[in-house]
1. If His31 meets every condition in (1) surrounded by fewer than 20 Cβ atoms within 10 Å (Cβ to Cβ); (2) farther than 19 Å from Tyr81 by Cβ; (3) touching a residue at least 24 places away in the same chain (Cβ under 8 Å) apart from one, which number is that one?
2. Determine whether Ile75 is surrounded by fewer than 19 Cβ atoms within 10 Å (Cβ to Cβ), hydrophobic (A, V, I, L, M, F, W, C) and under 26 Å from Tyr34 (Cβ atoms).
3. Within segment 116-167, can you find the residues that are aromatic (Phe, Trp, Tyr) and under 17 Å from Ile52 (Cβ atoms)?
4. Please pick out the residue among Trp163, Trp150, Trp112 that is in a loop (DSSP other than H, G, I, E, B) and modelled with pLDDT of 95 or more.
5. Whether any residue in segment 102-112 is under 21 Å from Phe20 (Cβ atoms) and of a type outside the set (Lys, Arg) is what I want to check.
6. Take segment 28-83 and flag every residue that is in a loop (DSSP other than H, G, I, E, B), modelled with pLDDT of 95 or more, aliphatic (A, V, I, L, M) and touching a helix residue (DSSP H, G or I) at 6+ places or on another chain (Cβ under 9 Å).
7. Which of the residues belonging to segment 47-91 are touching a Pro at 6+ places or on another chain (Cβ under 8 Å) and not acidic (Asp, Glu)?
8. Among (1) more than 18 Å from His44 (Cβ to Cβ); (2) hydroxyl-bearing (Ser, Thr, Tyr); (3) surrounded by 12 or more Cβ atoms within 10 Å (Cβ to Cβ), which single condition is Thr122 missing?
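The values are calculated or read from the model by the stated rules, or taken from the named source; none is laboratory data. In this text the structure is predicted, and so the values were computed from the model without any measurement. Note that each Cβ is placed from the backbone with ideal geometry, even for glycine, and that neighbours are counted across all protein chains shown.
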Amino acid sequence: MTSTPLILTLTLDPPAQEYFDALRDEHFPKHCNYLKAHLTLFHHLPSDDELIGKTVEKFCSRPAMILGVSAIKNIGNGVAYEILSDELLQLHHRLQREFDPHLISQDRKKLWPHITVQNKVTAFKAKQTAGKLQGNFMSFNITATGIRSWLYRGGPWEAKGEWKFRL
């Protein structure tokens with residue numbers, strides 16, 4: 001029997017979380033917007049392996065990270081904010097090495113950090129939204145404050161664990 005998939009996301013500081021949640025509430029189709037805004041680190045880890053949580057805890061003994069919100073990207077059937085951070089890419093790569101035996105192909109790829117604020121719309125609608133958001137966009141910084149784990153059971157995610165970076 002396989003375990004329920006475990007998802008790892010980056011925790012954002014409260015103002016950033018509220019900002020991206022509001023954008024998601026505004027632009028994501030209501031019938032399928034059952035998640036808060038998030039930056040996914042890993043999509044499918046085993047939830048029954050205690051070493052996953054211990055590994056995340058070990059890697060969270062670090063300061064919070066400043067992330068650059070650098071661009072708005074049309075992703076075909078949606079819109080995402082691109083995030084730039086060499087520090088985040090290095091952390092993700094180190095976690096990939098630790099989780100290697102458990103990684104699916106999607107989680108073996110280089111991380112493209114982003115926060116999706118619209119998905120599951122037509123290409124036309126995504127182009128409109130991206131154009132609207134890009135009209136007054138200026139890059140800005142947000143803070144990553146930790147990592148969260150979630151159980152994926154086919155619908156809304158179920159919170160499992162949270163580890164804070166040492167501020």
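1. Among (1) surrounded by fewer than 20 Cβ atoms within 10 Å (Cβ to Cβ); (2) farther than 19 Å from Tyr81 by Cβ; (3) touching a residue at least 24 places away in the same chain (Cβ under 8 Å), His31 violates only (3).
2. In short, yes.
3. Passing the criteria: Trp150, Tyr152, Trp157, Trp163.
4. Testing whether each residue is in a loop (DSSP other than H, G, I, E, B) and modelled with pLDDT of 95 or more leaves just Trp112.
5. Yes; the residues of segment 102-112 include at least one that is under 21 Å from Phe20 (Cβ atoms) and of a type outside the set (Lys, Arg).
6. Of everything in segment 28-83, those that are in a loop (DSSP other than H, G, I, E, B), modelled with pLDDT of 95 or more, aliphatic (A, V, I, L, M) and touching a helix residue (DSSP H, G or I) at 6+ places or on another chain (Cβ under 9 Å) turn out to be Ala37, Ile75.
7. Result: Ser47, Ile52, Leu67, Ile83, Leu84, Ser85, Leu88, Leu89.
8. (3)
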